[in-house]
Each structure stands twice: as structure tokens, then as C-alpha cells.
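Down below is the structure, laid out as C-alpha cells.
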Amino acid sequence: MKSLQRSYPGGSILVGVIVCLGVATSIMLTSVHWSLRARRQLARELQMEQTRWLVDAGFARVRNQMRLDVDYDGETWVVEPPLSDELQATIEIKTRAEGEQTLVEVIAIVRDRNSQTPPTRRTGSQWLVTQQLQLEELSESETTETPPTSPGNES
């Protein structure tokens, strides 16, 4: 009797399957790598935006403090509570009076507690006119608000 012979070698299907698995694994690993890369980039951009907001908040604090105390010379504080479980922020304010103007420098630093992302540091400088801040305070205290009237209570 004649034996049946295969028209293809027995291991060729196995080699084809292994090649397909290798290609699929390579595609999957590449997509995971890109996903992690995008996540890190997004976290970095968020950290940079938070640092910009902290610089803006520092300038607002300077204006408020200078209205209360003309001799305000700055401060350093750690934002509490932390921005998130991983991010800690520090804001440093420096002032230098020159005549009727004051140079204000605000430095905001946001650090990742896990050290996965390098710290973000942003600095902003502005000239503030001390006399103008005092005038703004006076105009705000002279302004009185009238309570809104309801449509039925108009006289």
C-alpha cells in the first residue's frame, strides 16, 4: 500500500504561526510604548500649566499683600494641600522697591514626588506701581454695592 504523503513539510505551519505571533506582539508592544509616551507627555504639559497658574496666583497674592502692607518684601510657601498625590508645589516671591515702582519676581516650582517627571520651574517678573495699588484699595473701599431688586419690589 501506498502511504499518504503531505504536500508540505510538517513544521511549516508552526513556523508561520510563530511569525504571525511575533508580528502581533511587536505591534502590541509598539502601541503600548506610544501610549505610555503620550501619557508622560500629557502629565508634563499638565504640570507646566499648573506651574503657570501658580505664577499667576503669586502675582495676585503680591497685589493683595502690597495693598495691606506697602513694605511687603516677599515670601516663600509650600502649597498645601498638595496639587495631587504626586505633585508638590513651592512658590517664592521676591520684591525690590525702586522709587515708586516695585519689581516683583515670582518663582513657582512643581515637583513630582515619584521623580518620574523632572521639576517644572517658571519665573515671572512685573513692575507694580505702589501708589497705584493704594489708590485701587481706596476706590474699592469707597464702592458700595446696592442689593438687587426683584421685579415685583420695584418702587
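The values are calculated or read from the model by the stated rules, or taken from the named source; none is laboratory data. Source: prediction; values computed, not measured. Cβ atoms come from the backbone with ideal geometry, glycine included; neighbour counts cover every protein chain shown. What goes into the accessible areas is simple: the full protein's heavy atoms, side chains included, and nothing from ligands, DNA or RNA. Shrake-Rupley method; radii C 1.70, N 1.55, O 1.52, S 1.80 Å.
Being at pLDDT 90 or above, at negative phi and open to solvent by 80 Å² or more (accessible area, probe 1.4 Å) is a property that residue 17 lacks. Scanning region 60-75 for residues being open to solvent by 30 Å² or more (accessible area, probe 1.4 Å), hydrophobic (A, V, I, L, M, F, W, C) and in contact (Cβ under 8 Å) with a residue 60 or more places away in the chain gives a total of 1. Do we have residue 78 as surrounded by fewer than 13 Cβ atoms within 10 Å (Cβ to Cβ), touching a Ser or Thr at 6+ places or on another chain (Cβ under 9 Å) and hydrophobic (A, V, I, L, M, F, W, C) here? Yes: the conditions hold for residue 78. Beta carbons closer than 8 Å, at least 6 apart along the sequence or on distinct chains, pair a first residue in region 79-107 that is among the β-branched types (Val, Ile, Thr) with a second that is assigned to a loop (DSSP other than H, G, I, E, B) for 90/79; 91/79; 95/72; 95/73.
The set of residues from region 81-96 being over 22 Å from residue 118 (Cβ atoms), open to solvent by 70 Å² or more (accessible area, probe 1.4 Å) and out of contact with any Leu (no Cβ under 8 Å at 6 or more places or on another chain) comprises 81, 94. Looking for something without any contact (Cβ under 8 Å) to a residue 40 or more places away in the chain and open to solvent by less than 60 Å² (accessible area, probe 1.4 Å) - is there at least one such residue anywhere in region 40-55? Within region 40-55 (the criterion being without any contact (Cβ under 8 Å) to a residue 40 or more places away in the chain and open to solvent by less than 60 Å² (accessible area, probe 1.4 Å)), the answer is no, since none of the residues qualifies.
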